[in-house]
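To keep things clear, I will list the structure first and then write my remarks on it.
The values are calculated or read from the model by the stated rules, or taken from the named source; none is laboratory data. Because the structure is predicted, anything quoted here is derived from the model rather than measured. Don't worry about glycine lacking a Cβ; one is built from the backbone with ideal geometry, like all the others, and counts go over all protein chains shown.
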Amino acid sequence: MKGDYIIISDIQGTFDSLNRFFKSVEHMKRDGMICLGDIVHKFRDYTDNLCIDLVRQHADFCVRGNHEDFLNMRTLSGAPSYNTDYVKGLSDSLVLDNVFLMHSSIRERNFRNRTLEQIRDEALYIRSKYPAVRYIFFGHTHAMGAYRIEDDQILECEVNEIQLDPEGLSIINPGGIGLRNNMPNTFARLNFETGILRFFTLEESEKLAKRVDMVHRFEEAWMPNLNLYNYHDFVKSIQEDFNAYGNCHDLSLNRVLDFLKTFKQKGFEQASHSIKEKILCEYSNQLAEQVSRIYQELKDVYEMEDPIEIRKIYMEIIEEEKFA
């Protein structure tokens, strides 16, 4: 296994949370996605089918959770066969070269590995069966956590962004993305080559996604209209953005929104042609610098273009059009 993977578990038929999750990670860099089971709740609600649909379409690897066993006892009315067949075809565990996936214990079916001793014993048991495994993923307990095995002892990682040893043995629980018991909705992102692991809450992921959206707004709506001919569209677009991003209590977003408010259309229109050009040049430069601060914070995790480079391209286009 190589590259960055997003890992989720314990959806339990909560379609709203799962849908929010997929929207929030739309632009997150990844080479694949892993699901550790409990996609459905109890096959009594059609939202179970909607959750299967999303996982089937987006997860590269998935294992069977104990909630999927409900399909053996009842049929979800209206669910297409390609979704029920997908669930029936899931394995209890998967070995992917140096990665082992499971929902609950493989030593004792549906057992919850909760304590450090239980997690250590599970990891050592798996290593005895599959010596090449370096990363073990499990769910079922709904409690996110990362642990390292050193000299047959277990060490719990206590920080949010964790550096694991790709040559050692690590065991990871991403928590649950659709829990029903008021626990935080969480998931994980791991680079299998570097061992860099990070946990996210759903709320944090949505907050970061809004920042990424703002960087995209600069490229798609703001910079293209910061010229003498389209600035009315720029003013219109930022009015829409004030409504979309307003009252978000995010310092990074509010810093950019505050700067957008400094564009004074009335004074701009009263200026001469040459002054207008200077105003737009300086304003777009400062706006690019503001948005680039968000870009610099998130560029390693999210797909985006550098606003300063985007501005440079547009300024070159504007200069070429002046002499066309």
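Worth a mention:
- Criterion (assigned to a helix (DSSP H, G or I) and under 19 Å from Lys236 (Cβ atoms)) met by exactly one of Ile279, Ile294, Ile275: Ile279
- For Ala132, the stated conditions do not hold, so it cannot be described as surrounded by 16 or more Cβ atoms within 10 Å (Cβ to Cβ) and small (Gly, Ala, Ser).
- Identity of the residue in region 303-324, buried (at least 16 other Cβ atoms within 10 Å of the Cβ) and out of contact with any Phe, Trp or Tyr (no Cβ under 9 Å at 6 or more places or on another chain), that ends up modelled with the lowest pLDDT: Ile318
- Here Ser284, Ser272, Ser252 are screened, and the one residue that is of a type in the set (Ser, Thr, Tyr) and under 30 Å from Asn191 (Cβ atoms) is Ser252.
- Every pair of residues 6+ apart whose Cβ atoms lie under 7 Å, when the first sits in region 107-131 and is farther than 17 Å from Ile172 by Cβ while the second is assigned to a loop (DSSP other than H, G, I, E, B): Asn110/Ser104; Phe111/Ser104; Phe111/Ser105
- Condition broken by Glu193, with the remaining ones in (1) part of a loop (DSSP other than H, G, I, E, B); (2) more than 30 Å from Pro166 (Cα to Cα); (3) modelled with pLDDT of 90 or more; (4) within 21 Å of the chain's Cα centre (by Cα) satisfied: (2)
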